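Presented below is the structure to which this report refers.
The values are calculated or read from the model by the stated rules, or taken from the named source; none is laboratory data. If you're wondering where the values come from, they're calculated on a predicted model, not measured in any experiment. Note that we place each Cβ from the backbone using ideal geometry, even for glycine, and neighbour counts take in every protein chain shown.
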Ligand SMILES: Cc1ncc(COP(=O)(O)O)c(C=O)c1O
């Protein structure tokens, strides 16, 4: 991949050439093609979807529905009816918890997550477990931060109704062995949910190969606008799911006392949807596919490995996660410098990294720290930006510690 050519597609990177953006796990920058698609929608196609018969609105509805088909192909799902548009991963998981498991979990049933989950894939399950008198159980991690499959085999049992696991840790960048985990879950007749928020930006997801019951991801972490996300569900489960919102555009008939909902996916998409988000997501998928998901994965993996190798050469720097890197996400700490102080120092030097618990507090505690610094890189980042970060960390150590 030609990094300089790619960078030219991103207005933010062109306008701020000295700025090093290493917070891609929070949200990615947007290429011109996505910005153009959204602008074009407002300039030429700004009509509501699924309701009007005039041709301009029908054209927008077609653009909207074409994106549903594109998303299904992007994750290799068989049927675009399995694709529900949401506001993001958080909303998708909450819909699954409150629209399906709320009605399907009995007392003493068990939900299994890992200790490394983002709060968006933890809090909804804590809540539903409490409401339904079910139990929440945790798969542990190994010393190097990877998920412990032996722990998974012990924790998942005949009482397990759902296993909900992230594909990629947003803190330490590990990828989980989804094939093995899904096999363990399905052997016990448990459902499997993949939190793919950090996976879809970098890794090809193949629903037909993996066969999870559910999958959730966010557009804004993969070049699309904020406020658009995807809930994938097996059709038979989506058909049983209760809409968590009621209103316009989700009904067949309404009388004074009752309503009959439309078929999936529309029954789960009440109200005017995020049309610009869907159109932006469509352009984002085109962009990703023009580069090739396999190339993106390889590039981010190499860059993550490069940064890891350079960081571990600096005295007083602790890097979390395994030696062999799988993604562009790297978390670390610098001795005697609080991550927030370090992030502020780096900000003075035009480098944006995240400091804190990264919405995964149980994992940071498990790592034995209160917070970390996180550099999360994407395909438009490069080694010279990593070198600049390394140089700044060396200078920061002598600034704070005198060494
Ligand atoms: C692994 C993981 N899951 C879920 C989320 C929540 O995504 P969103 O805030 O887009 O809903 C994030 C966001 O950082 C994440 O990294």
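Summary of values
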{"read-out": "Those residues of region 336-362 which are more than 15 Å from the ligand (Cβ to nearest atom) and part of a helix (DSSP H, G or I), in sequence order", "value": "339, 340, 341, 342, 343, 344, 345, 346, 347, 348"}
{"read-out": "Where residue 128 falls short, out of the listed (1) surrounded by 16 or more Cβ atoms within 10 Å (Cβ to Cβ); (2) more than 16 Å from the ligand (Cβ to nearest atom); (3) in a loop (DSSP other than H, G, I, E, B)", "value": "(3)"}
{"read-out": "Per-region count, region 174-211, residues farther than 21 Å from residue 297 by Cα, out of contact with any strand residue (DSSP E or B) (no Cβ under 9 Å at 6 or more places or on another chain) and part of a loop (DSSP other than H, G, I, E, B)", "value": "0"}
{"read-out": "Hey, residue 123 over 23 Å from residue 205 (Cβ atoms), within 16 Å of the ligand (Cβ to nearest atom) and either buried (at least 16 other Cβ atoms within 10 Å of the Cβ) or not assigned by TED's automatic domain parsing to the domain that holds residue 330 (or both) or not", "value": "yes"}
{"read-out": "Flag for residue 146 being in the same structural domain as residue 265 (by TED's automatic domain parsing) and within 15 Å of the ligand (Cβ to nearest atom)", "value": "no"}
{"read-out": "Selected residue (criterion: farthest from the ligand (Cβ to nearest atom)) from residues of region 101-120 that are buried (at least 20 other Cβ atoms within 10 Å of the Cβ) and in a helix (DSSP H, G or I)", "value": "101"}
{"read-out": "Qualifying positions in region 332-343 - buried (at least 16 other Cβ atoms within 10 Å of the Cβ) and out of contact with any helix residue (DSSP H, G or I) (no Cβ under 9 Å at 6 or more places or on another chain)", "value": "339, 343"}
{"read-out": "Single unsatisfied condition, residue 1 versus (1) touching a helix residue (DSSP H, G or I) at 6+ places or on another chain (Cβ under 7 Å); (2) part of a helix (DSSP H, G or I); (3) away from the ligand (no atom under 16 Å from the Cβ)", "value": "(2)"}
{"read-out": "Which listed residue is over 17 Å from residue 93 (Cβ atoms), within 13 Å of the ligand (Cβ to nearest atom) and surrounded by fewer than 24 Cβ atoms within 10 Å (Cβ to Cβ), from 225, 201", "value": "225"}
{"read-out": "Criterion violated by residue 216 - all others in (1) within 11 Å of the ligand (Cβ to nearest atom); (2) under 25 Å from residue 109 (Cβ atoms); (3) not in a strand (DSSP E or B) satisfied", "value": "(3)"}
{"read-out": "Extreme residue, farthest from the ligand (Cβ to nearest atom), among residues of region 83-100 that are surrounded by fewer than 24 Cβ atoms within 10 Å (Cβ to Cβ) and assigned to a helix (DSSP H, G or I)", "value": "100"}
